[in-house]
Amino acid sequence: MTFTKSFFATATAVAFIATSASAENWRAWNIHNDGHPNTAAMDKFAELVDAATDGEVTVDVFHGGVLGSQPDALEQVRIGAIEVGNFNLGPIGPMVKEANLVSLPFIFKDVPHMFRVLDGDAGEVVSAAMGEAGVLPLAWFDAGARSFYSQKPINTPADVEGLKIRVMNNDLYTSMISAMGGNPSPMAFSEVQQALKTGVVDGAENNFPSFKNVGHYEVTTNYSLSEHLIIPECICVNTAKFNALSPELQAAVRGAAEEAALVQRELWAVGSEQARKDVEAAGITVNEIADKGPFQSAMDSVYADYLAANPDMKALVEMAQATE
Ligand code: BDP
């Protein structure tokens, strides 16, 4: 009798422990503040994960980069100290070589082409390599195209000559600026506004929502539509944490990410247009660049040097370029 009683007590305790251990509470890193499309999309992701897993997996999103800079947060997700991140693929290049595909200037014709590449064989290769490295992409976000901004209009690569331009942390971006005769300055996103304001840098490059949301437009005058980089972003999760979920929970979390990404792309389309209008209303001159050809030609040496140093990337680059 006693045995039976204690057996049941133990069984109940074990069942309780098993239930509470199976509830996963994840932390998610987001660099953006309120008002940026990705902030709303990450909140949506958390809401959808909770609903789809019946609370078995919950996600607390930390906005505004409070969990650290992007390179630091990437490392944290890679090792599993933070579970989720809304990462730009640019800073992933130094960690996962295949992710550098998207950091080659002008590799994509436009945003729809970028999504076709990601949804095709080349995207498979990038995803697999990222997953292998510990940062598994569950869905892709739109991040538009990045263009230059500075105190003077930039219409040709020669206009970049001598300018100190802030870039994200990736050698491809420093090569890109150097190829135009500029001085690249890799720097954390959080430091860019002050650097522009105090003249530590002469310019930077980003899409309209980021240009607007953290006030870069307040400390510069010209946004020139070079659209030299079209870099996707991901909802990325630590691979081991994701793989430890049951197949059902994996499907639910992936489904939530895909749905949140669709929401993000809609918010992006509207938000990006609005951000452009807002900065123009605030006095920013937006310059259309009639001929981007000279910018593209200036990148020939970037491609040549990169592929000479990374011959194993040639097939992937060609796969992307051959994608209709
Ligand atoms: C924004 C990206 C963000 C980057 C930032 C940057 O969404 O992930 O950290 O650019 O320039 O557009 O650092």
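Quick look at the numbers
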{"read-out": "Residue among ALA260, ALA269, ALA282 that alone is within 16 Å of the ligand (Cβ to nearest atom), surrounded by fewer than 18 Cβ atoms within 10 Å (Cβ to Cβ) and touching a residue at least 24 places away in the same chain (Cβ under 8 Å)", "value": "ALA269"}
{"read-out": "Filter result (among the charged types (D, E, K, R) and within 15 Å of the ligand (Cβ to nearest atom)) within region 197-229", "value": "GLU205, LYS212, GLU227"}
{"read-out": "Elements of type strands (runs of 3 or more DSSP E) in region 1-98, at least 3 residues being at pLDDT below 95", "value": "none"}
{"read-out": "Selection count where residues are assigned to a loop (DSSP other than H, G, I, E, B) and at pLDDT 95 or above, scope region 270-301", "value": "8"}
{"read-out": "Boolean, ASN183 is out of contact with any Pro (no Cβ under 9 Å at 6 or more places or on another chain), under 18 Å from PRO71 (Cβ atoms) and more than 15 Å from the ligand (Cβ to nearest atom)", "value": "no"}
{"read-out": "Residue satisfying condition, being β-branched (Val, Ile, Thr), touching a Lys or Arg at 6+ places or on another chain (Cβ under 8 Å), modelled with pLDDT of 95 or more and over 27 Å from SER175 (Cβ atoms), within set VAL263, VAL237", "value": "VAL263"}
{"read-out": "Selected residue [surrounded by 22 or more Cβ atoms within 10 Å (Cβ to Cβ), away from the ligand (no atom under 16 Å from the Cβ) and assigned by TED's automatic domain parsing to the domain that holds GLY90] from VAL117, VAL135, VAL125, VAL160", "value": "VAL117"}
{"read-out": "Tally, over region 301-310, of residues that are over 25 Å from the mean Cα position of the chain (by Cα) and free of Cβ contacts under 8 Å to residues at least 40 places away in the same chain", "value": "2"}
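The values are calculated or read from the model by the stated rules, or taken from the named source; none is laboratory data. What you see is a predicted model; the values in this text were computed from it and never measured. So basically every Cβ, Gly included, is an ideal-geometry build from the backbone, and we count neighbours across all protein chains shown.
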